[in-house]
Amino acid sequence: MKIILLGAPGTGKGTQAEKICAHCHIPQISTGNIIREAMKTKTPAGQKAQDFVNSGKLVPDEVVIEMVDDRLKQPDCANGFILDGFPRTVPQAQALESMGVHIDKVLDIEVPDQEIMQRLTGRRVCAECGSTYHIQFNPSQKGENCDKCGGQLIVRKDDQPETVTQRLQVYHDQTEPLKDFYQAKGNLVMVEGVGTVEEITARTLSALEA
Ligand code: AP5
Ligand code: MG
């Protein structure tokens with residue numbers, strides 16, 4: 001199955017993508033994670049992306065499209081995948097079509113902006129393995145360290161309140177129009193994103209089976 005997870009920053013796309021991947025045995029393709037890894041290892045694409053990411057803007061379409069095109073050619077994508085955070089603009093969605101990719105379902109996770117601010121400013125991520133926590137909703141049992149690998153938990157640079165506000169603005173301006181784009185194609189499903197992680201996983205899985 002080929003799935004897109006649409007939704008504003010902090011709606012739990014990454015959290016839900018992990019659950020769906022484990023359930024459906026397909027890879028999670030998170031452009032945010034790919035870009036952060038490229039920034040960490042200072043590849044040319046990572047260097048181009050850095051200022052955009054840290055200021056809450058979108059990385060230019062051509063940079064992200066090339067990354068996704070390369071990733072989808074890997075053999076593990078043959079039986080399906082879940083795109084977490086791509087496409088985020090109409091040109092990116094058109095590029096995906098030009099790659100000949102047929103998407104089965106587009107899940108749009110909906111969470112009010114006010115709750116998003118609380119989720120993102122309280123998020124902590126492992127500097128080593130990238131696991132995600134929340135100081136209130138999903139704290140690590142090891143305090144400042146990751147439950148899974150012991151790595152240090154840090155705040156993402158783009159989770160500062162002003163940057164979250166900017167990311168939400170960018171979402172409403174550039175990504176939200178994709179709802180109409182996929183609605184017109186008939187494969188958009190709305191998932192209510194407020195509730196516990198388990199409740200939302202149950203909703204996403206039933207949306208996929210419908
Ligand atoms: P990216 O990493 O994709 O960030 P994002 O879309 O802004 O989304 P997040 O990862 O912040 O949130 P999420 O929805 O995954 O939520 P999570 O599960 O972590 O992109 C980062 C940057 O890269 C972009 O700003 C841009 O610059 C660039 N980029 C990436 N893709 C691009 C593209 N296609 N084109 C151009 N540029 C691109 O959950 C958030 C928090 O909430 C966590 O702390 C979690 O524990 C908690 N939480 C999750 N579910 C629940 C729940 N049900 N209840 C309470 N808390 C919850
Ligand atoms: Mg994410």
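One line per residue, one yes/no per condition, for (1) more than 25 Å from K40 (Cα to Cα); (2) more than 14 Å from ligand 1 (Cβ to nearest atom); (3) at pLDDT below 95:
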site: V68; (1), (2), (3): no, no, no
site: T89; (1), (2), (3): no, no, no
site: A93; (1), (2), (3): yes, no, no
site: K105; (1), (2), (3): yes, yes, no
site: I116; (1), (2), (3): yes, no, no
L120 - would you say it is buried (at least 19 other Cβ atoms within 10 Å of the Cβ) and part of a helix (DSSP H, G or I)?
yes
Counting only residues that are closer than 24 Å to Q160 by Cβ and in contact (Cβ under 8 Å) with a residue 12 or more places away in the chain, segment 18-44 contains a total of 9
When you check A38 against the structure, is it crowded, with 20+ Cβ neighbours inside 10 Å and more than 12 Å from ligand 2 (Cβ to nearest atom), yes or no?
yes
Being touching a Leu at 6+ places or on another chain (Cβ under 9 Å) and either farther than 18 Å from I35 by Cα or surrounded by 17 or more Cβ atoms within 10 Å (Cβ to Cβ) (or both) narrows it down to one of G100, G150, G143, so name that one.
G143
Could you list, in sequence order, the residues of segment 116-142 that are closer than 13 Å to P9 by Cα and under 15 Å from the mean Cα position of the chain (by Cα)?
I116, R119, L120, R123
Pairs with Cβ under 7 Å, 6+ apart, first in segment 49-60 and under 17 Å from E176 (Cα atoms), second near ligand 1 (Cβ under 6 Å from one of its atoms) and part of a loop (DSSP other than H, G, I, E, B)
L58/R88
Being away from ligand 2 (no atom under 16 Å from the Cβ) and either among the aliphatic types (A, V, I, L, M) or outside any loop (DSSP other than H, G, I, E, B) (or both) is the filter here; which residues of segment 97-109 pass it?
E97, S98, M99, V101, I103, K105, V106
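The values are calculated or read from the model by the stated rules, or taken from the named source; none is laboratory data. The structure presented is a predicted model; accordingly, all values stated were derived computationally and were not measured. Neighbour counts are summed over all protein chains in view; Cβ atoms, including those assigned to glycine, are modelled from backbone coordinates with ideal geometry.
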